[in-house]
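Novice: Take a look at the following structure, please.
The values are calculated or read from the model by the stated rules, or taken from the named source; none is laboratory data. As the structure is a prediction and not an experimental result, all values here were calculated from the model. Here the Cβ positions follow ideal geometry from the backbone for every residue, glycine too, while neighbour counts run over all protein chains shown.
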Amino acid sequence: MDIRVSLFLLRILIASFLLGSCQFKAQQIFNQEIEENIKLESTLLGVSVVADSLSVPWELVWGPDDWIWVTEERGYVTRINPVNGEKKVILRLPIGKRPEGAQAMIVHPDQKQYPYVYIHYKRVKSDGIRYNILERYTYQNDTLVHPKLLLEYVAGRGHTGSRLAFQGKERILWATGDQAIKEDTQDLSSANGKILRMDLEGNIPDDNPFPRSYVYAFGFRNMQGMVVTPQGAIYTSEHGDATDDEVNLIVPKGNYGYPSIEGMVDNDIEREFALKNNTIEPLVAWTPTIAPAGLDYYSSEKIPEWTNSLLLTMLKGQGLRVLTLDKTGKRIEREEVFLEKLYGRIRDLCISPAGDIYIATSNHDWNPMTSPSERDDRILRIARVNSAVKTPLTAKSRAEETISENSGEIIYQKFCFSCHKAKGAGLEGIYPALADSKVVRDKEKLLHILLEGSSAGDYAMPSFKFLKDEELFEIINYVRTSFGNKADSLSNSEIVSYRNQKR
């Protein structure tokens, strides 16, 4: 055999050995990084950390370059290599202190024809007013350049909502919050509490359902997730007030009822408004609330149990919800919860073409539910694996979630903890502390706030009059005798009497 041929074959053998060795080591490392396993009917999943130490990631997009594109609330747009976690900051937005920040983003999948990235952020401008700003950038030489303002309008301190999605290649949908101005959601001249539709230049398309208007659908409180499926269906997730978080199937010109209707149409006032305005009910509503956030559609066969499902991340619920759709996409057939309270608040997710799922924690944001880990905020991969390294977790069904006694402590965890925190500490400057509280000890004032709500400050407290008398009895007396409050218990008859006076 020719010596040159022999050397060539030897090189191939060495390269093959090294490649196999590297792949084996990579598999070993990947297995070592798995933090949790999840067992489905016939599929085993592993959860591993892709990247950490992020600054409150808000949006995850699987980019056309096969990297994860991320907006971080403090103004960064970052590309992250999903294989090794390498980060590249490609834009720093001119924002100040919270509640300014970067939120929704979409990256056009056809970068050759449309090298565009669309970003929504909030900032205070030179006039001292805070604005919602939607800009288009051009991706060039691994950075974002040539910002073009598409739309801006006055922002509130909260309820910004904000998700973006492409409808086809040449239309953009923008889901907005009500900015805590309830009446704006039914006003077609306002951008608040709407799904807005525009072309790639920010213009109003001629085929919009309301002539010369950006409005595509209306009547929303605070949308936190939106996805357009390959079949063209549009779904959104929405925060309720004290009750009725929702997932909606969107139709053009649809009225989704807020603020006159929350959740399903289930009382005379809501039925009257629904009949008069031809409103649309959600596919599902949750009370107690779960704070639904990022929403995506799983079409891959990689995890067959989740094919044709909506994947929903949760802030208050602290986990991943899988909502399996029927063949029409108009009904949810099954609902399961995974990773509950293991990683804290989960803000968003994206899905790779290979069918792997990436989720982002939000534990350093303005309303923490847990003490952040040293590695927060993180991006986690959920992917199929061959073997388990930990005892696999299983799903929790919705029926299992609702099985619990209604003690005062449990009601507090369901309805009060996300704002007033452990030990009634509250959140300084935002949510008042219940610990050693004069208001809590004043039974008349406490009853009034619980039943009527409070609009004091930027973050209003909703009414809890939907609670039954026995539930009010439990939560009032729990708060009045906890957190350093040493007040007398109220009797059930006192609560019933006060409630009847206000009717």
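Novice: Given the condition assigned by TED's automatic domain parsing to the domain that holds H159, acidic (D, E) and in a strand (DSSP E or B), answer yes or no: does some residue in segment 348-363 qualify?
Specialist: Kept after step one, since they are assigned by TED's automatic domain parsing to the domain that holds H159, are these residues of segment 348-363: 348-363.
If we keep only those that are acidic (D, E) too, we end up with 348, 356.
Still in the running and in a strand (DSSP E or B): 348.
Within segment 348-363 (the criterion being assigned by TED's automatic domain parsing to the domain that holds H159, acidic (D, E) and in a strand (DSSP E or B)), the answer is yes, since at least one residue qualifies.
Novice: Whether any residue in segment 125-132 is crowded, with 17+ Cβ neighbours inside 10 Å, out of contact with any Gly (no Cβ under 7 Å at 6 or more places or on another chain) and closer than 15 Å to V61 by Cβ is what I want to check.
Specialist: Scanning segment 125-132 turns up no residue that is crowded, with 17+ Cβ neighbours inside 10 Å, out of contact with any Gly (no Cβ under 7 Å at 6 or more places or on another chain) and closer than 15 Å to V61 by Cβ.
Novice: Here's another thing I want to ask about it. Of all residues being within 14 Å of M105 (Cα to Cα) and out of contact with any Pro (no Cβ under 8 Å at 6 or more places or on another chain) in segment 134-148, which is surrounded by the fewest Cβ atoms within 10 Å (Cβ to Cβ)? Just the residue, please.
Specialist: Step one: list which residues in segment 134-148 are within 14 Å of M105 (Cα to Cα), which gives 134-139, 144, 147.
Filter again for out of contact with any Pro (no Cβ under 8 Å at 6 or more places or on another chain), leaving 134, 144, 147.
On the way: L134: 24, L144: 20, P147: 15.
Per the stated criteria, the residue is P147.
Novice: Please find, within segment 165-183, the residue that is surrounded by the fewest Cβ atoms within 10 Å (Cβ to Cβ) out of those that are under 13 Å from Y153 (Cβ atoms) and touching a strand residue (DSSP E or B) at 6+ places or on another chain (Cβ under 9 Å).
Specialist: First, the residues of segment 165-183 that are under 13 Å from Y153 (Cβ atoms): 174, 176-179, 181.
Then keep just the ones that are touching a strand residue (DSSP E or B) at 6+ places or on another chain (Cβ under 9 Å); that gives 174, 176-179.
Details: W174: 27, T176: 30, G177: 26, D178: 26, Q179: 24.
If we take residues in segment 165-183 being under 13 Å from Y153 (Cβ atoms) and touching a strand residue (DSSP E or B) at 6+ places or on another chain (Cβ under 9 Å), then Q179 is surrounded by the fewest Cβ atoms within 10 Å (Cβ to Cβ).
Novice: Could you list, in sequence order, all residues of segment 254-275 that are more than 15 Å from K182 (Cβ to Cβ) and among the polar types (S, T, N, Q)?
Specialist: The one that is more than 15 Å from K182 (Cβ to Cβ) and among the polar types (S, T, N, Q): N267.
Novice: Restricting to segment 159-173, and then to whatever is closer than 15 Å to P252 by Cβ and part of a strand (DSSP E or B), can you tell me which residue is farthest from the chain's Cα centre (by Cα)? Steps first, please.
Specialist: Initially, segment 159-173 is screened for residues closer than 15 Å to P252 by Cβ, giving 165, 167-168, 171-173.
Next, only the ones that are part of a strand (DSSP E or B) stay: 165, 171-173.
Numbers: A165: 14, R171: 23, I172: 19, L173: 17 Å.
Of everything passing the filter in segment 159-173, R171 is farthest from the chain's Cα centre (by Cα).
Novice: Please go through segment 345-377 and pick out each residue that is touching a Pro at 6+ places or on another chain (Cβ under 9 Å), closer than 14 Å to V56 by Cα and either crowded, with 23+ Cβ neighbours inside 10 Å or among the acidic types (D, E) (or both).
Specialist: Narrowing segment 345-377 to residues touching a Pro at 6+ places or on another chain (Cβ under 9 Å): 345, 347-348, 352, 356, 358, 360-364, 366, 377.
Those still in the list that are closer than 14 Å to V56 by Cα too: 345, 347-348, 360-364, 366, 377.
R345, R347, D348, A360, T361, S362, D377, listed by residue number.
Novice: Using beta carbons and a limit of 6 Å, which pairs, at least six apart or on different chains, have the first residue in segment 342-354 and over 21 Å from G161 (Cα atoms) and the second one hydrophobic (A, V, I, L, M, F, W, C) and not in a loop (DSSP other than H, G, I, E, B)?
Specialist: Pairs found: I351/I357; S352/W62.
Novice: Within segment 180-190, is even one residue over 23 Å from L325 (Cβ atoms) and in a strand (DSSP E or B)?
Specialist: Taking segment 180-190 as the starting set, the residues that turn out to be over 23 Å from L325 (Cβ atoms) are 180-190.
Now drop any that are not in a strand (DSSP E or B), which leaves none.
The answer is no, given that none of the residues of segment 180-190 is over 23 Å from L325 (Cβ atoms) and in a strand (DSSP E or B).
Novice: Only one of these conditions is not met by R334: (1) touching a strand residue (DSSP E or B) at 6+ places or on another chain (Cβ under 6 Å); (2) surrounded by fewer than 24 Cβ atoms within 10 Å (Cβ to Cβ); (3) assigned to a loop (DSSP other than H, G, I, E, B). Which number is it?
Specialist: The single condition R334 does not satisfy is (3).
Novice: What number of residues within segment 289-325 are free of Cβ contacts under 8 Å to residues at least 40 places away in the same chain and either part of a loop (DSSP other than H, G, I, E, B) or small (G, A, S) (or both)?
Specialist: Going through segment 289-325 one residue at a time, the tally reaches 5.
Novice: Could you check segment 269-288 and list, in sequence order, the residues that are of a type outside the set (G, A, S) and in a helix (DSSP H, G or I)? If you could, list the steps in order and put the result at the bottom.
Specialist: Kept after step one, since they are of a type outside the set (G, A, S), are these residues of segment 269-288: 269-273, 275-284, 286-288.
Scanning segment 269-288 gives I269, E270, R271, E272, F273, L275, K276, N277.
Novice: Scan segment 434-452 residue by residue and report those that are free of Cβ contacts under 8 Å to residues at least 24 places away in the same chain and either crowded, with 16+ Cβ neighbours inside 10 Å or touching a Lys or Arg at 6+ places or on another chain (Cβ under 8 Å) (or both).
Specialist: Correct list: V439, I449.
Novice: Moving on to the next point. Condition first: at pLDDT below 90 and of a type in the set (V, I, T). Can you find one or more residues in segment 449-471 that meet it?
Specialist: Yes: segment 449-471 contains one or more residues that are at pLDDT below 90 and of a type in the set (V, I, T).
Novice: Could we say that E36 is buried (at least 20 other Cβ atoms within 10 Å of the Cβ) and either at pLDDT below 95 or under 30 Å from T391 (Cβ atoms) (or both) here? Show your work before the answer.
Specialist: On the way: buried (at least 20 other Cβ atoms within 10 Å of the Cβ): yes; either at pLDDT below 95 or under 30 Å from T391 (Cβ atoms) (or both): yes.
Yes; evaluated as a whole, the condition is true for this residue.
Novice: Of (1) surrounded by 21 or more Cβ atoms within 10 Å (Cβ to Cβ); (2) in contact with a Ser or Thr (Cβ under 6 Å, 6 or more places away or on another chain), P115 satisfies all except one. Which?
Specialist: Condition (1) is where P115 drops out.
Novice: Would you mind stating whether Y216 is more than 14 Å from the chain's Cα centre (by Cα), surrounded by 23 or more Cβ atoms within 10 Å (Cβ to Cβ), modelled with pLDDT of 95 or more and not polar (S, T, N, Q)? Step through it out loud before you land on a result.
Specialist: On the way: more than 14 Å from the chain's Cα centre (by Cα): yes; surrounded by 23 or more Cβ atoms within 10 Å (Cβ to Cβ): yes; modelled with pLDDT of 95 or more: yes; not polar (S, T, N, Q): yes.
The answer is yes for Y216.
Novice: Can you tell me which residue in segment 98-133 is nearest to V227 (Cα to Cα), limited to those that are among the basic types (K, R) and part of a strand (DSSP E or B)?
Specialist: Filtering segment 98-133 down to residues among the basic types (K, R) leaves 98, 112, 122-123, 125, 130.
Then drop every residue that is not part of a strand (DSSP E or B), which leaves 122-123, 130.
Details: K122: 22, R123: 26, R130: 27 Å.
Looking at residues that are among the basic types (K, R) and part of a strand (DSSP E or B), I get K122.
Novice: Strands (runs of 3 or more DSSP E) wholly in segment 194-244 with at least 1 residues that are within 20 Å of S260 (Cβ to Cβ) and among the acidic types (D, E) - which ones? Working first, answer last.
Specialist: Details: elements: 194-199, 215-218, 222-228, 234-239.
Filter on segment 194-244 gives 234-239.
Novice: When segment 377-402 is examined, which residues are found to be under 25 Å from the mean Cα position of the chain (by Cα) and assigned to a loop (DSSP other than H, G, I, E, B)? Full working, then the answer.
Specialist: Our first condition is that a residue be under 25 Å from the mean Cα position of the chain (by Cα); within segment 377-402, this holds for 377-384, 393-402.
The answer is D377, R378, T394, A395.
Novice: Another question about this same structure. Determine which member of the set R98, R92, R157 is at pLDDT 95 or above, surrounded by fewer than 20 Cβ atoms within 10 Å (Cβ to Cβ) and farther than 21 Å from G202 by Cα.
Specialist: On the way: R98 fails: at pLDDT 95 or above; R157 fails: at pLDDT 95 or above.
Going through R98, R92, R157 in turn, the sole match is R92.
Novice: Still on this structure: Taking segment 472-496, which residues are modelled with pLDDT of 85 or more and of a type in the set (G, A, S)?
Specialist: Selection gives S482, G484, A487, S491, S493.
Novice: If you take the residues in segment 293-317 that are under 17 Å from L164 (Cβ atoms) and touching a Phe, Trp or Tyr at 6+ places or on another chain (Cβ under 8 Å), which one is surrounded by the most Cβ atoms within 10 Å (Cβ to Cβ)?
Specialist: First pass over segment 293-317, keeping only residues under 17 Å from L164 (Cβ atoms): 293-297, 313.
Still in the running and touching a Phe, Trp or Tyr at 6+ places or on another chain (Cβ under 8 Å): 295, 297.
Details: L295: 26, Y297: 20.
Per the stated criteria, the residue is L295.
Novice: Within segment 95-151, how many residues are under 20 Å from the mean Cα position of the chain (by Cα) and among the aromatic types (F, W, Y)?
Specialist: Qualifying residue count, segment 95-151: 2.
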